[in-house]
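Heads up: the structure comes next, in structure tokens.
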Amino acid sequence: MTDLVERAGRPGEALTGLADLHMHSTYSDGIYTPEELAAAAAAAGIRVLSVTDHDTLKSIPYAARAAAAQGLRYIPGVELSTRQEGRQVHILGYGIRPDCAFMEKRLAEVRNARLIRLQEILDKLHKLGIDLTVPPPKDGERAVGRPHVARAMVAAGYVSDVEEAFAKYISEGKPAYVPQPKMTPAEGVELIHRAGGIAVQAHPEEVGSRDLVRGLLDELPYDGIEVWHPSASPEWQDFWKKEAEKRHLLVTGGSDLHGNAGRFPEHLGEWKVPLQNITAFLAYFGIP
């Protein structure tokens, strides 16, 4: 990874504007299409974006075209769902090939596991007196997840907003939670690298164990850490930035936007990542 940072760290002009390298579209569990995200990004002063849908590459060509139409720089992305020691460990992949057949095949298996999990969640909610209909999506259109269930609960009047659905019913440890069968972080990092991309640890503080994350960063060939994320306080940001520096890793940031009412941020631009914060990452992708 040292060589990567050296190649990425070329001096250049001071950058202005914002980046957002973590958001979700209707191809996974976001409520906005790639075209709507690109338009909103442009309006918010975001110059560089990446749509990182969960466990699918289907949005990449649409997001790339939409970003170009808005005059934005675009980096192909994905967010992989992995699990280690009973904890969710999400990994962001950037610069991956959108036509990568072996990756899409593996992700199709993950999406199928999500459909099985969806039915198990709905069965648990039924036993709690909550009857919902969440139609399964066509393969490749949406990687179905708990936000779909939460929004259905809001629409049916069982909860007031998405946050309440998670807090009372479908977060880990709550009565309708079902863990999702997932790949391991080692498999996720390898898959991203095989697809020509770089692997970034997503929102490390949300994993719930700094020791676990640091161990994974030491054991696996990660390329970066998502330092700037809405879940991270200034103290957390400083902690993970130092961890990245120790390991010569790139740093990234993004809003993790889904568009759900009641979940910050609801709109692009509300969570700000100045381009100056991620100059090495941008330079690696040739973005001045």
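Brief remarks on what is shown
- HN-Hα J in Hz across region 158-166 - Karplus 6.51, -1.76, 1.60, θ = phi - 60°, x for Gly and Pro: 7, 9, 7, 7, 4, 4, 5, 4, 5
- For region 188-288, alpha-carbon Rg relative to the globular expectation (2.2 N^0.38 Å, N residues): 1.09
- Relative contact order of region 46-94, defined on C-alpha pairs under 8 angstrom at six or more residues apart (%): 38
- Helical mean residue ellipticity (222 nm; -39500 (n - 2.57) per DSSP H run of 4+; nearest 500) of the chain: -11500 deg cm²/dmol
- Charge tally in the Cβ shell below 10 Å around residue 41, where Lys, Arg are +1 and Asp, Glu are -1, residue 41 excluded: -1
- The phi-based Karplus calculation (6.51 cos²θ - 1.76 cosθ + 1.60; θ = phi - 60°) puts the 3J(HN,Hα) values of region 231-237 at 7, 9, 6, x, 5, 5, 4 Hz, whole numbers, x for Gly and Pro.
- Cut-off under 5 Å, modelled amide H: who pairs with residue 17 long-range: 275
- Under 13 Å, Cβ to Cβ, from residue 237 - net charge with Lys/Arg +1 and Asp/Glu -1: -3
- When only Cα pairs below 8 angstrom with a gap of at least 6 residues are kept, the chain shows a relative contact order of 25 percent.
- For residue 250, nonlocal amide neighbours, meaning residues 5 or more places apart or on other chains whose placed amide H falls under 5 Å from its own, are 224, 225.
- Convex hull volume per residue in cubic angstrom - Cα atoms of region 226-285: 85
- Cα gyration tensor, region 16-71 - rounded (a/c under 1.5), prolate or oblate: prolate
- Of the residues 154, 265, 209, the one whose Cα sits farthest towards the positive end of the charge dipole of region 121-266 is 154 (charges of +1 on Lys and Arg Cβ, -1 on Asp and Glu Cβ, taken about the Cα centre).
- Point-charge dipole on Cβ atoms (K/R +1, D/E -1) for the chain, about Cα centre, debye to 20: 340
- The residue among 224, 40, 129 whose Cα reaches farthest toward the positive pole of the charge dipole of the chain, with charges on the beta-carbon of Lys, Arg, Asp and Glu, is 129.
- Principal-axis analysis of the Cα atoms of the chain puts helix 210-219 at an angle of about 50° to the longest axis.
- Here the dipole of region 79-160 is about 120 debye; that uses its Cα centre as origin and unit charges on the Cβ of Lys and Arg (positive) and Asp and Glu (negative).
- For residue 82, distant residues with modelled amide H under 5 Å away: 89, 90, 91
- Cα gyration tensor shape of region 66-105, rounded if a/c is under 1.5, else prolate or oblate by comparing a/b with b/c: oblate
- Approximate spin-label separation residue 85-residue 128, in nm, with each point projected 7 Å along Cα-to-Cβ: 2.8
- Normalised contact order of region 169-229, rounded percent, pairs of Cα under 8 Å and 6 or more residues apart: 31
We did not get these values from a lab; they are worked out from the coordinates using the rules stated. Model, not experiment: these values are computed from the prediction. As a convention, Cβ positions derive from the backbone with ideal geometry for all residues, glycine included, and neighbour counts pool all protein chains shown.
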